[in-house]
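See structure below.
The values are calculated or read from the model by the stated rules, or taken from the named source; none is laboratory data. Because the structure is a prediction, the values reported are computed rather than measured. Here Cβ is always computed from backbone atoms with ideal geometry, including for glycine, and neighbour counts include all displayed protein chains. These area figures cover heavy atoms from the full protein model, side chains too; ligands, DNA and RNA do not enter into them. Shrake-Rupley method; radii C 1.70, N 1.55, O 1.52, S 1.80 Å.
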Amino acid sequence: MADGDAECRIENFALIGDCETAALVGRDGCVAWLCWPRFDSDACFASLLGSRENGHWRIAPTDPNPEVSRRYREGSLILETTFETTSGAVRLIDFMPPRGEASDVVRIVEGVSGEVELAMELTVRFGYGRVVPWVTRLEDGTLRAVAGPDMVVLRTPVPFEGADMATVARFTVRPGERVPFVLTYQPSHRPIPGPVDAEAALADAAAFWAEWSGRYEAPAGDVPPHWDEAIRRSLLTLKALTYRPTGGIAAAATTSLPEWIGGGRNWDYRYCWLRDAALTLQALVGAGHYGELRAWRDWLRRTLATQPRRVQI
């Protein structure tokens, strides 16, 4: 980020995804990177590379100095961030459910203790942070943002308003309360996607990842038991980079920066690199995940077609 905030270091971000694209969520509750609807699409949240004016979605307490802890739910890409403030504690649950009618980012704020005031700020910028969308409020209260072929809609019971080319809200959460926010992508020429039940989507995401994680087989050889959780977590990250419709595997969820400004060495790791994919598959197959290997093999055959000599790395 251009503002130089220490929170913007890549190690402070966690990955969520739906096996078709992925988002990066900071410790401060900010979604700072998301290419929608695919890994190789333009980013609509690009503050990771620029500033928050280039697109972000932050939900966090108004307390400027909360204590922050994070974890993934076991065997899943469901991220839980807990904020402890002077007035209480809240938990932010972030995930992308398996894709149905459209692609969604779901965020649920859960009250843990006390009474906590939170702020939400949504700045959508298509085209890698360059394109300001046309934003309207529909009759049912849904927020719609459209620019060219792209559209996102926000649904939440929290009242919101526009301010400084962003959508903002303030709300308070108490113990046991759960407040959902659902942001959905749809091509702009298609009808507005139907509403998503955040709690049902959470159950679907948990079931999807539990089923996949349940296929895990401990790698053969002398692997210390205390490495088991790290191996499982690494495999989930690799699975998140698989593109479910085709079997292709992205090398990374982020784009690249040039090795020198104006130079030609500027590789985009959101695409499928043959070497990286082979190493990914070696790890997945070693842990008993053979479906990804078959899907990638079929992807490779289609990609090479009748001209294998022309393939690039």
Practice task
Just read off the accessible area of Cys19 with the full protein assembly in place, 1.4 Å probe, to the nearest 10 Å².
Solution key: 0 Å²
Completion exercise
Packing-ranked peptide list from 94-107, 156-169, highest mean Cβ count within 10 angstrom first, is 94-107, 156-169
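Compute the Rg/Rh shape ratio of the chain: radius of gyration over Kirkwood radius, all on alpha-carbon atoms.
0.97
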Practice task
At 1.4 Å probe size, with every protein chain present, just tell me what the per residue accessible area of the chain comes to in Å².
Solution key: 49 Å²
Practice task
Would you please name the trypsin sites (Lys or Arg not before Pro) within segment 19-82 that are DSSP coil residues with at most 10 other C-beta atoms within 10 Å of their C-beta?
Solution key: none
Exercise for the section: Note down the relative contact order for segment 110-211 as a percent, whole number, built from C-alpha pairs under 8 angstrom at least six residues apart. Expected result: 30 percent
Handout entry: Percent accessible area from carbon and sulfur atoms, segment 230-313, protein chains only, probe 1.4 Å
Key = 57 percent
Exercise for the section: Compute, for Tyr269, the solvent-accessible surface of its heavy atoms (probe 1.4 Å) with the complete set of protein chains present, and express it in square angstrom to the nearest 10. Expected result: 70 Å²
Fill in the blank from the handout: Length-normalised contact order of the chain, Cα under 8 Å, at least 6 apart, in percent, tallies to 15 percent
Fill in the blank from the handout: If each part is reduced to its alpha-carbon centroid, segment 227-264 and segment 99-139 end up apart, in Å, by 24 Å
Completion exercise
Relative contact order in percent for segment 164-310 (Cα pairs under 8 Å, 6+ apart) equals 19 percent
Fill in the blank from the handout: From the Cα centre of segment 162-203 to that of segment 50-95, the distance in Å is 16 Å
Exercise for the section: Would you work out what percent of the accessible area of segment 167-215, with all protein chains in place, is carbon or sulfur (probe 1.4 Å)? Expected result: 57 percent
Practice task
Mind running the shape call on segment 223-313? Use the C-alpha gyration tensor, a ≥ b ≥ c as the square roots of the eigenvalues: rounded below 1.5 for a/c, prolate if a/b tops b/c, oblate otherwise.
Solution key: oblate
Fill in the blank from the handout: Here, trypsin sites (Lys or Arg not before Pro) of segment 230-270 satisfying both criteria (DSSP loop; at most 12 other Cβ within 10 Å) are Arg265
Fill in the blank from the handout: Summing -39500 (n - 2.57) over every DSSP H run of at least 4 in the chain, dividing by its residue total and rounding to the nearest 500, the 222 nm mean residue ellipticity is -6000 deg cm²/dmol
Exercise for the section: Amide H neighbours of Val116 under 5 Å, at least 5 residues apart or on other chains, H built in the peptide plane: list them. Expected result: Val173
Handout entry: Sparsely packed GluC sites (Glu not before Pro) within segment 109-147, loop by DSSP, other Cβ within 10 Å at most 11
Key = Glu139
Exercise for the section: Working from Cα positions, state the angle (0 to 90°, nearest 10) between the long axis of helix 291-304 and the longest principal axis of the chain. Expected result: 70 degrees
